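**Student:** Right, I'll just put the structure down here and ask away after.
The values are calculated or read from the model by the stated rules, or taken from the named source; none is laboratory data. Just so we're clear, the structure is a prediction, and the values are computed from it rather than from any experiment. Here the Cβ positions follow ideal geometry from the backbone for every residue, glycine too, while neighbour counts run over all protein chains shown.
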Amino acid sequence: MTSISNNEFIKEDSLISTRPAVQIHRLSHSFGRGATRRKVLQSISMKINPGEVVILTGPSGCGKTTLLTLIGALRSVEEGDLFVFGNQLRGARRRLKQLIRMHIGMIFQGHNLLRCLTAEQNVQMGADLIDGSSYRVRRDQAREWLRAVGLDDQMSKFPHDLSGGQKQRVAIARALAARPQLLLADEPTAALDSVTGREVVSLLKRLAKEQACAVLMVTHDPRILDVGDRLMQMEDGRLVPSF
Amino acid sequence: MPSFWNNRRIPLAWLLLTRQPLRLLVALAGICFAGILMFMQLGFRDGLFDASVTVHKLFDADLVLISPRSMSSISMSGFPRRRLIQAMAHQDVVGITPVNWNFLLWRNPQTLTTRSILVLGFEPNDPLLVDSKFSSKAKVLTSRGRVLFDELSREEFGPIPKMFREGLTIETEVAGKRVRVEGLVSLGPSFGADGNLITSRETFLELLPSNPPGSIEIGLIRLRSGSDSKSVANVLRKNLPLDVRVLTQEEFVEFEKNYWRSSTSIGFIFTLGAAMGFVVGCVIVYQILYSDVSDHLPEYATLMAMGYRMKTLLGVVAREGILLAVMGYIPAYAAGQCLYALVRSSTKLPVAMDPQRALIVFTLILFMCMSSACVAMRRLVDADPAEIF
């Protein structure tokens, strides 16, 4: 395994918190090979500042999720520049990507909680990523986060005993428990009804603001578009100027 | 508070296993079965080697003379008794016992069926066994046609110990000639002999008239205490003709064990049986761990997306392997103890849990679980965090 010391990864500290959380310059990405090769992202350029809540919307298949997985260091960058917390992701080694991922919280469409863990343990899986604190401290942090998302009384329940909205709240608590500087959310309201969806997103925004955590939320739920500080629209792999 | 306790994480491996109790139970049953199979096969193998020398170990001797043509206890050849008397010439030799050794047909006094039994013939005034009470029992053998019956012999020879204790006169036939059981001894059956009978050389020669009177199968030699049996054996080897083989007591035991180990397929068969248990266990553990990893692939991918290292996730699978090994071994060990007791009581073979075998089986089970875990880990590489969005 390639070993990269922690200091090769540029940490966002208070002094340089003005550095953009994400900076993208002419990023392109394609799927497939040869004749079936299809460009899903075409020369995207954008920037997300710390603490900013950006909503990315557009029809399905326009490349939103691909962009999200690229920013999340889950895919290799092919063309263009992609900086997360000032780290170039094009050609980044596995260890660097993993270090970056540790500082990114992810919230998925299908919550993706660990079935064999209770709500509290799921959240603690996020808190466990932070080194240097004792088990008890991390457990208390997990409880704190569950309380923050309003699930004080559901801590020892397993995911299949929770409602969709509750599961998504646990997922938010888990993502925030790792103290991320960037939160990536992919259709967080897809499985929720309108009232719950709005509640969950507002909660997400409030907690992210408290942590000065940037948020990039992909959605095509028109009811929550107003939650963001900034709205971006994508079509056919390009960002269209929003109005 | 120790730091490892403070730094501990959610015990993911344990929770992954225990939150699916049915699958865990199947896995443990499989590992346990493999463990029991290995315990039994290795136990039988070692028990066989030990059982083949039950009588050998009881002889009161420092050196043993046998014929070079003797292959094992079930095919002993005779050699001239003179060689044993010649051995007396060595200053360290204090006593000798010529022993005849052969298998003869014993008639069960109740069912009247016959069965081969090991008959030992010796001079009743000579020491034969280490057991100090034996010499007083042996006095009855001075009368003709009297035998001592091994009370640990298999039941097929008839309920002799019970009848004897009830005070009945037990007369039956050995090799077609009438004998009377005049006492009981405690020797134990072996793989070669299902039962044992001790009698005088005189009676022995009467039962087996074809045996030349000057020929014996075993010559026991006792040395002055403090003398080195190995060096005396070397001197005797040099001085005695080549028609006799000189062994120390340990070599005599080893000679018999070695026959069963190398000249028969028995050792191989039981080792193969244990190997099959190992392979079956490997397949079961691999199946369980592989499907466990496959089922949780999205969850492993989620953990990778959260920033957990591949190393950490591989560690989870490895820990599952270790947990399975330990949890499967404990019931296998307990069941092994019970089955050994059952085998002991029903076959009277000296099969017991010895710490070395317990360790070997544990090592095999651990190896089985860890190698299966290693193969199952390859599935983990398929966990693509980009796919879960």
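**Student:** Identify, please: which residue in the stretch A:47-62 is at pLDDT 90 or above and of a type in the set (A, V, I, L, M, F, W, C) and is, among those, nearest to residue A:84 (Cα to Cα)?
**Tutor:** Step by step, filter the stretch A:47-62, then rank; the result is A:48.
**Student:** Restricted to the stretch B:313-339, and to residues that are farther than 19 Å from residue B:15 by Cα and surrounded by 21 or more Cβ atoms within 10 Å (Cβ to Cβ), which residue is nearest to the other protein chains (Cβ to nearest Cβ)? Break it down into steps so the answer makes sense when it comes.
**Tutor:** Step one: of the stretch B:313-339, the residues farther than 19 Å from residue B:15 by Cα are B:329-339.
Adding the requirement that they be surrounded by 21 or more Cβ atoms within 10 Å (Cβ to Cβ) leaves B:329, B:332, B:336.
Values: B:329: 24, B:332: 26, B:336: 32 Å.
Restricting to residues being farther than 19 Å from residue B:15 by Cα and surrounded by 21 or more Cβ atoms within 10 Å (Cβ to Cβ), the top hit is B:329.
**Student:** Looking at residue A:230 and the list (1) more than 14 Å from chain B (Cβ to nearest Cβ); (2) surrounded by 22 or more Cβ atoms within 10 Å (Cβ to Cβ); (3) basic (Lys, Arg), which single condition is not satisfied?
**Tutor:** (2)
**Student:** Of a type in the set (A, V, I, L, M), at pLDDT 85 or above and either in a loop (DSSP other than H, G, I, E, B) or surrounded by fewer than 20 Cβ atoms within 10 Å (Cβ to Cβ) (or both): is that true of residue A:92 in this structure?
**Tutor:** On the way: of a type in the set (A, V, I, L, M): yes; at pLDDT 85 or above: yes; either in a loop (DSSP other than H, G, I, E, B) or surrounded by fewer than 20 Cβ atoms within 10 Å (Cβ to Cβ) (or both): yes.
Answer is yes for this residue.
**Student:** For the stretch B:282-299, state whether one or more residues are assigned by TED's automatic domain parsing to the domain that holds residue B:37 and more than 24 Å from residue B:11 (Cβ to Cβ).
**Tutor:** yes
**Student:** If you scan the stretch A:29-52, which residues turn out to be at negative phi and either crowded, with 21+ Cβ neighbours inside 10 Å or assigned to a loop (DSSP other than H, G, I, E, B) (or both)?
**Tutor:** Correct list: A:29, A:33, A:37, A:41, A:44, A:48, A:49, A:50, A:52.
**Student:** Do any helices (runs of 4 or more DSSP H) lying entirely in the stretch A:95-197 carry at least 2 residues that are surrounded by 24 or more Cβ atoms within 10 Å (Cβ to Cβ) and within 12 Å of the chain's Cα centre (by Cα), and which ones are they?
**Tutor:** Because the criterion is at least 2 residues that are surrounded by 24 or more Cβ atoms within 10 Å (Cβ to Cβ) and within 12 Å of the chain's Cα centre (by Cα), the helices (runs of 4 or more DSSP H) in the stretch A:95-197 that meet it are A:164-177.
**Student:** Same structure again: Only one of B:317, B:381 is within 21 Å of residue A:126 (Cα to Cα) and β-branched (Val, Ile, Thr). Can you tell me which? I'd like the intermediate steps shown before the answer.
**Tutor:** Numbers: B:381 fails: within 21 Å of residue A:126 (Cα to Cα).
Within the list B:317, B:381, the selection yields B:317.
**Student:** In this structure, does residue A:113 turn out to be modelled with pLDDT of 85 or more, more than 9 Å from chain B (Cβ to nearest Cβ) and farther than 30 Å from residue A:86 by Cβ? Please lay out each step first, then the result.
**Tutor:** Values: modelled with pLDDT of 85 or more: yes; more than 9 Å from chain B (Cβ to nearest Cβ): no; farther than 30 Å from residue A:86 by Cβ: yes.
Taking the combined requirement at face value, the residue does not satisfy it.
**Student:** If you don't mind, another one. If you go through the stretch A:122-145 one residue at a time, how many are more than 10 Å from chain B (Cβ to nearest Cβ), out of contact with any Asp or Glu (no Cβ under 8 Å at 6 or more places or on another chain) and of a type in the set (D, E, K, R)?
**Tutor:** Counting residues in the stretch A:122-145 that are more than 10 Å from chain B (Cβ to nearest Cβ), out of contact with any Asp or Glu (no Cβ under 8 Å at 6 or more places or on another chain) and of a type in the set (D, E, K, R) gives 2.
**Student:** Could you pull out every one of the strands (runs of 3 or more DSSP E) wholly within the stretch B:45-125 that has 2 or more residues that are modelled with pLDDT under 95 and over 16 Å from residue B:246 (Cβ atoms)? If you could, list the steps in order and put the result at the bottom.
**Tutor:** On the way: elements: B:63-66, B:93-107, B:114-122.
Fully inside the stretch B:45-125 and qualifying: B:93-107, B:114-122.
**Student:** For the stretch A:101-110, what are the residues that are within 8 Å of chain B (Cβ to nearest Cβ) and either of a type in the set (A, V, I, L, M, F, W, C) or within 10 Å of residue A:159 (Cα to Cα) (or both)?
**Tutor:** A:102, A:104, A:106, A:108
**Student:** A follow-up question, please. May I ask you to list pairs of residues, at least six apart or on different chains, whose Cβ atoms are under 8 Å apart, with the first in the stretch B:161-184 being among the basic types (Lys, Arg) and the second being assigned to a strand (DSSP E or B)?
**Tutor:** Between residues of the stretch B:161-184 that are among the basic types (Lys, Arg) and residues that are assigned to a strand (DSSP E or B), the close pairs are B:178/B:171; B:178/B:172; B:180/B:146; B:180/B:147; B:180/B:170; B:180/B:171.
Yes/no per residue for (1) more than 14 Å from every other protein chain (Cβ to nearest Cβ); (2) under 29 Å from residue B:385 (Cα atoms); (3) touching a Cys at 6+ places or on another chain (Cβ under 6 Å); (4) without any contact (Cβ under 8 Å) to a residue 60 or more places away in the chain:
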position	(1), (2), (3), (4)
B:259	yes, no, no, no
B:269	yes, no, no, yes
B:273	yes, no, no, no
B:278	yes, no, no, no
B:295	no, yes, no, yes
B:298	no, yes, no, no
B:303	no, yes, no, yes
B:308	no, yes, no, yes
B:311	no, yes, no, yes
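**Student:** Oh, and also: Going by what's in this entry, would residue B:52 be described as of a type in the set (S, T, N, Q) and buried (at least 21 other Cβ atoms within 10 Å of the Cβ)?
**Tutor:** Yes, satisfied.
**Student:** I need a count of the residues in the stretch B:1-45 that are more than 14 Å from chain A (Cβ to nearest Cβ) and surrounded by fewer than 19 Cβ atoms within 10 Å (Cβ to Cβ). Please lay out each step first, then the result.
**Tutor:** Of the stretch B:1-45, the ones more than 14 Å from chain A (Cβ to nearest Cβ) are B:25-45.
Checking which are surrounded by fewer than 19 Cβ atoms within 10 Å (Cβ to Cβ) leaves us with B:25-26, B:29, B:33.
Within the stretch B:1-45, residues that are more than 14 Å from chain A (Cβ to nearest Cβ) and surrounded by fewer than 19 Cβ atoms within 10 Å (Cβ to Cβ) number 4.
**Student:** Examine the stretch A:63-84 for a residue that is modelled with pLDDT of 90 or more, in contact with a Gly (Cβ under 7 Å, 6 or more places away or on another chain) and away from chain B (no Cβ under 11 Å), and state whether such a residue exists.
**Tutor:** Scanning the stretch A:63-84, I find no residue that is modelled with pLDDT of 90 or more, in contact with a Gly (Cβ under 7 Å, 6 or more places away or on another chain) and away from chain B (no Cβ under 11 Å), so the answer is no.
**Student:** Does at least one position in the stretch A:172-182 carry a residue that is in contact (Cβ under 8 Å) with a residue 12 or more places away in the chain, within 14 Å of chain B (Cβ to nearest Cβ) and within 19 Å of residue A:221 (Cα to Cα)?
**Tutor:** yes
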